[in-house]
Amino acid sequence: MTSKQVKPGFGAVRTDAGAVRPLSGVRITGGLLQHWQRRNSRATIPHTIEQLRAAGNVANLSRLLERDPAPYRGRYPFLDTDLYKTLEGLAYELGAQETLPVREFYEEVVGLLERVQADDGYLNSFFQDPAADKKPWEDLAWGHELYNLGHLIQAAVAASRRMGDDRLLRVAMRFADLVVRRFAEDGVCGHPEVEMALVELFRETGERAYLTQAAAFVDRRGTGRLQHRIFPGDYFQDHVPFRELPSVTGHAVRMAYLAAGAADVFLETGDRSLFEALERLWDDMVATKLYITGGLGSRHSDEAIGDRYELPSERAYSETCAAIAVMQWAWRMFLATGGAKYLDVFERVLYNAYAVGLSEDGRAFFYDNPLQRRPDHEQRSGAEPGGEPLRRAWFGCPCCPPNIVRWMAQLADYVAAERDGAVLIAAYTPARIETAGLDLAMETAYPWDGDVRLTVGRAQDGPYGLVLRVPGWAGNVTVTVNGEPCAAQASDGWITLERRWTAGDTIRLSLPMPVRAHGSHPYLDATRGAVSLARGPLAYCVEQQDSPSAAVDDLVVGVPDIVNANTERRDEAVVLRARATAAPPPSAELYPELPLEGALPETEVAATFVPYFLWGNRGPEAMRVWVRTPRN
């Protein structure tokens, strides 16, 4: 193991294309995010390691050391990535604390990777099997070999930065060097991911060939280099060049990974044509293709993004991996522009479409994340004949669980950023923030409460900026400095405070959190006339367990009732209590003749709404994010 200085978690942007820079000197010290990280460390990571062993992911590597290898275990050629994503999460864990069982697994897998890597640098436990029915690089559309490399690189960079361990980095570089030689002039992967990884490898090593290769992979999409099978070109984002895509399309995870990689290329090259395409695609996605939870992807058949306004609730796919991919894209757009609107989406995804993917106990997962559950609904990964009522311990295609592990472990990387002479607070959570010019302690009960307190611990001599994000949902925001009201006004989602700070200065930001009622665009047929509840960054839903006197499908809630809803504490969460009415049992006819007779009854019931990310922890009963409104 080579000892080295721990570097920023996202790497150093090397051009002036980025508006802000990532900040590594952040430690989450409390609140909901720390609770999630502790659960990740104590429950999700041990569970994931256990499942990886049971499913054969580790054995797929170790068998390659045998003269007559046992058969590959698993259906898919990309199962090594589940080890890589887990290793990435473990690098954060081991960089912060020594955990013996985690260390043993880390050492075992890294050792295996070093031993089974081919002489030319190739590494893939599926294709290295002498009995494999395909040869390396034979099937770029579905082989996922470059996708595998991408996750290997990301794990290696995390280990290098967080642990000072460059063993995995040497393995990844050997594979990456092979790819640069093999694909310098032609070829592209059917599943984008390697693009952002290669840029990160460039940031870590300074080797420009990796950046050049990442840019080439982005530019080659849609130029006829990929053989399309099973699904057409738009599934792979390969029917037109990236810069000509009219809208986000195809497989949702592939799309967002590709966009994140293109954003990384822009950050390092300043290629404005890439950024113009990214901005156009982002704005169209947010306006027409993103669920209110931040989920992306509306079709089960190909795990794909649908048409504009095609956002069904009960069969929303909204894959957990797609949520992580959207956050990756959002963060890079923030680095490129300093735009608060990207962080608004990042936060919406984090607390809703991402968080819902994991059970309260940290040992069961959603692959797809519907916004409505009917009593007979089954969860399916899209690749299996049957489903279970709620979250599952593991999947045949287990991409989501280790993706949750790695993302949970690195949440501190997304709390703050900096630019010359200022620090930007991107997310609100109890934390310690260290910069060259200012050290801060942040205390808050966010997302349950909008009161944020920052205390200066150390300040440079001279003026320095403290820039506070104002979420798009927030109104009537107030700021005080040392108890005195501050006249600074929000501009483009930010409040900027610039002054000579001294140790002990306190800043208080108040973000009122009234209950909000949200409707949907009239073209969004699935939820036309319905209403959803939100408070702060959280979307809410109603579960049948909290509605004993009426089926959730029969609950009718008016906008005034939502605005006047009460907040209550349930354990550590905030739940909402709203007045509602129960509609009469509907006609037995599927399509009754209009006009319907009778009016809604005046029978009043109390409706309890819980944070969407907490649904499904009390048993398989009905759930709705969108509820009926009077006369709908």
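Summary table
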read-out	value
Selected residue (criterion: nearest to TYR147 (Cα to Cα)) from residues of segment 314-339 that are of a type in the set (S, T, N, Q) and surrounded by fewer than 24 Cβ atoms within 10 Å (Cβ to Cβ)	GLN328
Criterion: in contact (Cβ under 8 Å) with a residue 40 or more places away in the chain and out of contact with any helix residue (DSSP H, G or I) (no Cβ under 9 Å at 6 or more places or on another chain) - qualifying residue of GLY472, GLY493, GLY437, GLY465	GLY465
Residue within segment 250-261 that is basic (Lys, Arg), farther than 18 Å from ALA336 by Cβ, within 19 Å of the chain's Cα centre (by Cα) and in a helix (DSSP H, G or I) present	yes
Residue check, PRO485 more than 30 Å from the chain's Cα centre (by Cα), over 27 Å from ASP420 (Cβ atoms) and not assigned by TED's automatic domain parsing to the domain that holds PRO430	no
Count - residues of segment 270-313 that are surrounded by fewer than 24 Cβ atoms within 10 Å (Cβ to Cβ), part of a loop (DSSP other than H, G, I, E, B) and of a type in the set (Phe, Trp, Tyr)	1
Residue among ARG162, ARG181, ARG174 that is part of a helix (DSSP H, G or I), without any contact (Cβ under 8 Å) to a residue 24 or more places away in the chain and either among the polar types (S, T, N, Q) or surrounded by fewer than 24 Cβ atoms within 10 Å (Cβ to Cβ) (or both)	ARG181
Odd one out for GLU114, checked against (1) in contact with a helix residue (DSSP H, G or I) (Cβ under 7 Å, 6 or more places away or on another chain); (2) surrounded by 15 or more Cβ atoms within 10 Å (Cβ to Cβ); (3) assigned to a helix (DSSP H, G or I)	(2)
Flag for ARG469 being within 30 Å of ASN369 (Cβ to Cβ), in contact with a strand residue (DSSP E or B) (Cβ under 7 Å, 6 or more places away or on another chain) and basic (Lys, Arg)	yes
Criterion (more than 30 Å from ALA490 (Cβ to Cβ), modelled with pLDDT of 95 or more and not assigned by TED's automatic domain parsing to the domain that holds ALA526) met by exactly one of ALA336, ALA364, ALA353	ALA364
Residue match in segment 124-137 (condition: within 26 Å of ASP177 (Cβ to Cβ), surrounded by fewer than 21 Cβ atoms within 10 Å (Cβ to Cβ) and in contact with a His (Cβ under 8 Å, 6 or more places away or on another chain))	no
Residue among ARG528, ARG516 that is in contact with a strand residue (DSSP E or B) (Cβ under 9 Å, 6 or more places away or on another chain), at pLDDT 90 or above, among the charged types (D, E, K, R) and under 30 Å from GLY306 (Cα atoms)	ARG516
Residue match in segment 625-632 (condition: in a strand (DSSP E or B), surrounded by 12 or more Cβ atoms within 10 Å (Cβ to Cβ) and modelled with pLDDT of 90 or more)	yes
Test: residue in segment 429-452 that is buried (at least 19 other Cβ atoms within 10 Å of the Cβ), among the small types (Gly, Ala, Ser) and touching a Ser or Thr at 6+ places or on another chain (Cβ under 8 Å)	yes
Residue within segment 223-239 that is part of a loop (DSSP other than H, G, I, E, B), aliphatic (A, V, I, L, M) and without any contact (Cβ under 8 Å) to a residue 60 or more places away in the chain present	no
GLU50, sole failed condition from (1) assigned to a helix (DSSP H, G or I); (2) touching a residue at least 24 places away in the same chain (Cβ under 8 Å); (3) more than 22 Å from the chain's Cα centre (by Cα)	(2)
Among residues of segment 68-108, those that are surrounded by 24 or more Cβ atoms within 10 Å (Cβ to Cβ), of a type in the set (A, V, I, L, M) and not in a loop (DSSP other than H, G, I, E, B), counted	4
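The values are calculated or read from the model by the stated rules, or taken from the named source; none is laboratory data. Computed from a predicted structure; not experimentally measured. Cβ atoms come from the backbone with ideal geometry, glycine included; neighbour counts cover every protein chain shown.
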